[in-house]
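Here the structure comes first, spelled out in structure tokens, and everything after it is commentary.
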Amino acid sequence: MKTLTSLFRPAVLLAVLPATLVFSACSNDDDNNATPVPDQGRVTAVHAAPNANVKVSVLVDDKSVKDLNYGDNSGYLAVDAGSRVFKINVAGTSTTVATATQTVAKDKNYSLFAYSPTTQANSISAIWVEDDLTAPAANQAKVRVVHLGLNAPSPVKLSQETVAGSTDVPGVSAAFGAASSFASIPTGTYNLLVTTGATSAKVVAVGDGNGSGTGTKNYEAGKIYTVLVRGSLGSLNTDLQPKAVLIQNN
């Protein structure tokens with residue numbers, strides 16, 4: 001896994017997200033004169049900053065491409081390869097509150113997670129992760145954990161709930177502000193847990209992946225999943241308390 005952490009300046013708001021760049025248009029009268037499509041990668045961005053949980057507008061190279069609320073993700077968006085400038089405005093305004101520059105490589109996939117690294121109001125940072133979307137083996141799925149739960153135990157790992165307690169998923173562990181690599185798991189229906197320590201103490205349950213922590217999830221063959229731990233331990237707002245949500249990457 002290749003991770004690049006970029007710190008947004010602690011302006012009044014959060015940072016997050018990239019989005020699609022301009023697609024080159026073809027000539028209407030002569031296909032032979034069509035402008036070549038530029039090399040592109042794909043980026044998905046996630047707003048997971050509980051201390052900046054307001055609606056924001058995302059711009060790529062000064063072009064507005066996406067509005068996001070806390071908890072939203074953009075899905076993968078085509079972005080021209082090269083050094084791209086991502087800007088965040090408070091939704092409905094022209095004021096830029098955060099700026100970050102990231103390099104996008106041809107045919108690569110990335111996730112940009114914005115989160116709150118401290119309890120300070122409006123504190124924002126982000127991790128930039130290259131996503132290995134290589135298909136898993138037959139009858140397997142892939143899963144990773146991204147730990148952005150402010151004040152939650154660290155590091156965390158993934159475990160499978162069993163009658164006797166839990167069994168850890170090998171190779172899936174991340175400290176706060178980081179992402180693990182993807183690991184293969186047999187397809188099936190599980191209630192995965194986000195746990196910590198040698199005893200695999202439960203931090204939050206993944207459940208059906210919608211953040212409630214209840215139910216189970218069928219992990220399908222060939223699919224790739226991110227378990228995102230977001231929120232802030234001790235928040236009086238139940239929507240901002242630590243939760244585990246699933247993002248399907250393919």
Determine if the stretch 135-150 includes at least one residue that is modelled with pLDDT of 95 or more and in contact with a helix residue (DSSP H, G or I) (Cβ under 7 Å, 6 or more places away or on another chain).
yes
Being at pLDDT 90 or above and in a loop (DSSP other than H, G, I, E, B): is that true of Tyr70 here?
yes
What residue, of Ser154, Ser200, Ser232, is touching a residue at least 60 places away in the same chain (Cβ under 8 Å), over 23 Å from Asp107 (Cα atoms), among the hydroxyl-bearing types (Ser, Thr, Tyr) and surrounded by 14 or more Cβ atoms within 10 Å (Cβ to Cβ)?
Ser232
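Per-residue answers, yes or no, for (1) among the aliphatic types (A, V, I, L, M); (2) in the same structural domain as Pro155 (by TED's automatic domain parsing); (3) modelled with pLDDT under 95:
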residue: Gly197; (1), (2), (3): no, yes, no
residue: Asp208; (1), (2), (3): no, yes, no
residue: Lys217; (1), (2), (3): no, yes, no
residue: Ala221; (1), (2), (3): yes, yes, no
residue: Ile224; (1), (2), (3): yes, yes, no
residue: Ser232; (1), (2), (3): no, yes, no
residue: Asp239; (1), (2), (3): no, yes, yes
residue: Asn249; (1), (2), (3): no, yes, no
Hey, could you check the stretch 173-195 for residues that are over 20 Å from Asn151 (Cα atoms) and of a type outside the set (S, T, N, Q) and say which is surrounded by the most Cβ atoms within 10 Å (Cβ to Cβ)?
Leu192
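The values are calculated or read from the model by the stated rules, or taken from the named source; none is laboratory data. Model, not experiment: these values are computed from the prediction. FYI the Cβ positions are ideal-geometry reconstructions off the backbone, even for glycines, and counts take in every protein chain you see.
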